[in-house]
Amino acid sequence: VAADLLQKLLAAHAFNPAPREQELGGLHVPFDDLLGAPKHEKALADAVRRGERVALIGPSGSGKSSLTEHVLGGDYVPGVAPIRVRVGLEPPEVVLDPREFVRHVVRTVAKAVAAAGGRDARKARRIAREVEPHSRRSVKVGLGGGPAWMTGNLLVELGGIVDDEGPTGVDVLESALLVLEVIAAAGLRPVLVLDDTDHWLVRPGLDDPGERIAAFFGPILRVIAERMSLAAAVVAVHDSYLTHPAFADADAFLETRLPMPAVPDSGSVARVLAHRIRRTAGPAAAARMDDIMTPAALARLYDNYAVGGRSMRRQLRIAHGALVHACDAGHDRIDVGHVDLAITD
Ligand SMILES: Nc1ncnc2c1ncn2[C@@H]1O[C@H](COP(=O)(O)OP(=O)(O)OP(=O)(O)O)[C@@H](O)[C@H]1O
Ligand SMILES: [Mg+2]
């Protein structure tokens, strides 16, 4: 019965508004499909393929991470090597001092090498050489805990440049360049992914974010542009930075600006929810979308999205809330009343 279906969705966390990063890409419905124009996934993929620095501009919850993970984790750009540089919990020097930022990038690669089993990889290669000194076969090693592209000889080579502490060489800029060169020499396009800028530029308890915004969009983007130009970059930029005077500096260093779209209609919200249902509860559940939510409930969800600042995360939170209310009431379909309750929660 339908009420069981709603219970099943609830148990599957179908409308979880904050999925894990590894899940985001698979849950994403391409904006290009929703809007019927190749202005987002394709535009991002093309820019990355050209090695550009791209700003994804949009408010919190608008889908910047979702789009990034979908494009960089999918088949859009063959041979892409994303390096996810997180700075949210790092000391301020990392976003204030370009050298410290570069050191952090190398440290990020070092950690990924360790997670991918880089040390074992080095050992395995040495043993392989001792056993078969003339073999030129690539050594298939790796623990699978690192990025998907970090395998085989590339992993071994990266392991030789960085160690768990960070760069082994003295000059951190040279180490960073070497890392990028080694990746590029393997036929891959390194991409620096700077997706958590909100959390480090504008932190609660940090009254003047201006210094960080100025440093990041000035000297740090400059060092990426001028010293790490082998890498493409994808930078999540919150709407509110656009009017910040310090953001003006970024113009010179960000080649492509992609504003996050607003989805056009309630049908788009339905497609996003149906895809969630498919991924979490299976295709049979997704095919019963009409049993799950009334058209009026979908329309109410969309109206709320339209006035609520383009936040897909908020839509999912409300959809989840409406699902909870429908289940609590023992109803077999999510209706407008459940959505209204969720909106006022
Ligand atoms: N096109 C889409 N298809 C399916 N789900 C989407 C889409 N865009 C966003 N979402 C969902 O909306 C939620 C918010 O998206 P996301 O985390 O990408 O926002 P964001 O712009 O990165 O926000 P923040 O600035 O807070 O990091 C996630 O649960 C994500 O799965
Ligand atoms: Mg995000």
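The values are calculated or read from the model by the stated rules, or taken from the named source; none is laboratory data. Given the structure is predicted, the values throughout are model-derived calculations rather than measurements. Here the Cβ is made from the backbone with ideal geometry for all residues, glycine too, and neighbour counts use every protein chain on show.
Things worth noting here:
- All of (1) away from ligand 2 (no atom under 15 Å from the Cβ); (2) at pLDDT 95 or above; (3) among the hydrophobic types (A, V, I, L, M, F, W, C); (4) in contact with a Phe, Trp or Tyr (Cβ under 8 Å, 6 or more places away or on another chain) hold for Val95 with one exception: (2).
- Against the test of being closer than 15 Å to Ala11 by Cα, crowded, with 20+ Cβ neighbours inside 10 Å, of a type outside the set (Ser, Thr, Tyr) and under 30 Å from the mean Cα position of the chain (by Cα), the options Ala326, Ala322 yield a single qualifying residue, Ala322.
- Pairing each residue of region 90-116 that is free of Cβ contacts under 8 Å to residues at least 24 places away in the same chain and among the polar types (S, T, N, Q) with any residue that is in a helix (DSSP H, G or I) and crowded, with 16+ Cβ neighbours inside 10 Å, provided the two are 6+ apart or on different chains, yields no C-beta distance under 9 Å.
- Subset of region 1-56 that is within 16 Å of ligand 2 (Cβ to nearest atom) and among the polar types (S, T, N, Q) - its residue that is surrounded by the fewest Cβ atoms within 10 Å (Cβ to Cβ): Gln22
- Leading residue by the ranking (nearest to Arg317 (Cα to Cα)) among those in region 49-67 that are in a loop (DSSP other than H, G, I, E, B) and either within 12 Å of ligand 1 (Cβ to nearest atom) or of a type in the set (A, V, I, L, M) (or both): Gly61
- Checked against the criteria, Glu90 counts as more than 30 Å from Ala322 (Cα to Cα), acidic (Asp, Glu), away from ligand 2 (no atom under 16 Å from the Cβ) and assigned to a loop (DSSP other than H, G, I, E, B).
Quick grid of which residues meet (1) on the phi > 0 side of the Ramachandran plot; (2) away from ligand 1 (no atom under 11 Å from the Cβ); (3) touching an Asp or Glu at 6+ places or on another chain (Cβ under 9 Å):
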position: Pro30; (1), (2), (3): no, no, yes
position: Ala47; (1), (2), (3): no, yes, yes
position: Glu69; (1), (2), (3): no, no, yes
position: Leu72; (1), (2), (3): no, yes, no
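- The conditions of being of a type in the set (Val, Ile, Thr), more than 16 Å from ligand 1 (Cβ to nearest atom), surrounded by 17 or more Cβ atoms within 10 Å (Cβ to Cβ) and at pLDDT 95 or above are not met by Val272.
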